[in-house]
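Encoded as structure tokens, the structure appears first; notes follow it.
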Amino acid sequence: MADKNALDVLRERGFIAQTVYEDDLYKMLQNEKVTFYVGFDPTADSLHIGHYIPIMAMAHMQKAGHRPIALMGGGTGMIGDPSGKSELRKMLTREEIDHNVECIKAQMSRFLDFSDGKAIIANNADWLLNLNYVDFLREVGVHFSVNRMLTAECYKQRMEKGLTFLEFNYMLMQGYDFLELFRRYGCRVELGGDDQWSNILAGADLIRRKERQDAFAVTFKLLLTHDGRKMGKTEAGALWLDPKKTSPYDFYQYWRNVDDQDVEKCLALLTFLPMDEVRRLGALQGSEINEAKKVLAYEVTKLVHGQDEAEAAAKAADALFGGNALDGAVPTTEIETLEGNRRVIDLMVKAGLCKSLGEGRRLIAGGGVYLNDKKVENPDQEVSEDDFGAEGLMLRKGKKAHHRILMK
């Protein structure tokens, strides 16, 4: 076993929100190789930054000698978790879910070592989809109090708008997952975001009731800004780990531009830098904090997209802000011709810098749009082939959103 207890590592880096039977858990992690799991519902074909905290925690646990199970929710994904949702989730088909599971599996291998049984990927479709409902109710349902379930945050916030019985089953199914993983792999700990506390606690309690064995729940703080807003939201939507959904350059730029007050927290949670270095970088003041942000952006992009992409994104960012030649890592759109793309606002929509012509006009009127570093004054301003240099035409929205247009 590693010298440092995994719980100490996670607590020092700021992961831990809640635990149960913490002293017993600490001793078990100190003295045994513990199998633990985190569940990922395949609601999309990529993980996003909200999944990144539990993934990093899994990696720290694995480095400390423990065995992770990445549980794909092929079964629970057909219902949808009500936690944090004000409305019923979109129902996915089995084919959509299976496709998403395969995509997520591929992403997970970047963060965890699956060789020689050091980590496991499981899919709860293997045991949930063929359950006999009456048998399930008799074995599992009898241990769940409806009165207690209704006090859980994940259900309370849905009660006003209406909670379907479909979703009400979710806690039972997640609890059953933990029980099944205990029986199959000796899994003793479930980890997850703090919005999952009620569901995770239900599973640990089910194992203690059914198997008379110790089981533990650990939740992590959600990735929030210093003033309580959820991180990872961009104008284009979620910050995805798939480079096709969020380019490595845009991903890098997001972390390069976090608030000064969030730098140290992000370095601790999202990188493997030693904590002494995290504290040193987090203590930088004034313009020096920008160096810490560059380190943060580079390290996170390297973990998610690899060293080559991180270096390309860093080089592109330096080139843009230093006024030097541009690099291919800058988000780029190619057009065949200027026909239909002659106005700046047409190009903005095509490049995804605004969602509509109306939004583009408002941005230009507010003085926030630049063509080759010159402010665009007229919403109907047109471009010509002369605006395309060797590196293409550069559009900029505000200080940070750059996009290159190339002519084929």
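The values are calculated or read from the model by the stated rules, or taken from the named source; none is laboratory data. The structure displayed is predicted, hence computed values, not measured ones. With ideal geometry, Cβ positions are generated from the backbone for all residues, glycine too; neighbour counts draw on all protein chains shown.
In segment 325-338, the residues that are at pLDDT below 80 form Cβ pairs under 6 Å with partners that are part of a loop (DSSP other than H, G, I, E, B) and not basic (Lys, Arg), at six or more places apart or across chains, as follows: LEU326/GLU391; PRO331/SER247.
Annotation note: Cβ proximity below 8 Å between a residue of segment 339-350 that is assigned by TED's automatic domain parsing to the domain that holds LEU363 and a residue that is of a type in the set (S, T, N, Q) and crowded, with 18+ Cβ neighbours inside 10 Å (sequence gap 6+ or interchain) occurs for LEU347/ASN341; LYS350/ASN341. Could you tell me whether ALA122 is assigned by TED's automatic domain parsing to the domain that holds ALA202, modelled with pLDDT of 85 or more and farther than 16 Å from ASP45 by Cβ? For ALA122, the condition - assigned by TED's automatic domain parsing to the domain that holds ALA202, modelled with pLDDT of 85 or more and farther than 16 Å from ASP45 by Cβ - is met.
Yes/no matrix, rows are residues, columns are (1) touching a Leu at 6+ places or on another chain (Cβ under 6 Å); (2) within 19 Å of ASP250 (Cβ to Cβ); (3) exposed (fewer than 11 other Cβ atoms within 10 Å of the Cβ); (4) of a type in the set (Phe, Trp, Tyr):
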| position | (1), (2), (3), (4) |
| --- | --- |
| GLU336 | no, no, yes, no |
| MET348 | no, yes, no, no |
| LEU357 | no, no, no, no |
| ARG362 | no, no, no, no |
| LYS375 | no, no, no, no |
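Counting only residues that are assigned to a strand (DSSP E or B) and at pLDDT below 80, which one in segment 359-401 is nearest to ALA316 (Cα to Cα)? Across segment 359-401, the extreme among qualifying residues is ALA401.
Yes/no matrix, rows are residues, columns are (1) without any contact (Cβ under 8 Å) to a residue 60 or more places away in the chain; (2) out of contact with any Lys or Arg (no Cβ under 9 Å at 6 or more places or on another chain); (3) surrounded by fewer than 16 Cβ atoms within 10 Å (Cβ to Cβ):
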{"position": "ALA125", "(1), (2), (3)": "yes, no, no"}
{"position": "ASN132", "(1), (2), (3)": "yes, yes, yes"}
{"position": "VAL142", "(1), (2), (3)": "yes, yes, yes"}
{"position": "ASN147", "(1), (2), (3)": "yes, yes, yes"}
{"position": "CYS154", "(1), (2), (3)": "no, no, no"}
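Name the single residue that is modelled with the lowest pLDDT among those in segment 197-214 being buried (at least 23 other Cβ atoms within 10 Å of the Cβ) and either outside any helix (DSSP H, G or I) or not aliphatic (A, V, I, L, M) (or both). Looking at the filtered set, the residue picked out is ASN199.
Can you work out which of the residues in segment 13-38 that are part of a loop (DSSP other than H, G, I, E, B) and among the aromatic types (Phe, Trp, Tyr) is nearest to the chain's Cα centre (by Cα)?
PHE15
Looking across segment 210-249, the residues that are among the polar types (S, T, N, Q), farther than 19 Å from GLN307 by Cα and either over 15 Å from the mean Cα position of the chain (by Cα) or assigned by TED's automatic domain parsing to the domain that holds TYR298 (or both) come down to GLN213, THR219. For segment 348-372, a tally of residues being more than 30 Å from the chain's Cα centre (by Cα) and within 14 Å of ILE405 (Cα to Cα) returns 3. From the set of residues in segment 250-272 that are buried (at least 17 other Cβ atoms within 10 Å of the Cβ) and not in a helix (DSSP H, G or I), which is nearest to the chain's Cα centre (by Cα)? So, considering only residues that are buried (at least 17 other Cβ atoms within 10 Å of the Cβ) and not in a helix (DSSP H, G or I), the one nearest to the chain's Cα centre (by Cα) is THR271.
The one condition from (1) within 19 Å of HIS48 (Cα to Cα); (2) assigned to a loop (DSSP other than H, G, I, E, B) that ASN130 does not meet is (1). Summed over segment 296-311, residues that are within 15 Å of the chain's Cα centre (by Cα), farther than 16 Å from LEU281 by Cβ and either outside any helix (DSSP H, G or I) or among the hydrophobic types (A, V, I, L, M, F, W, C) (or both) total 2.
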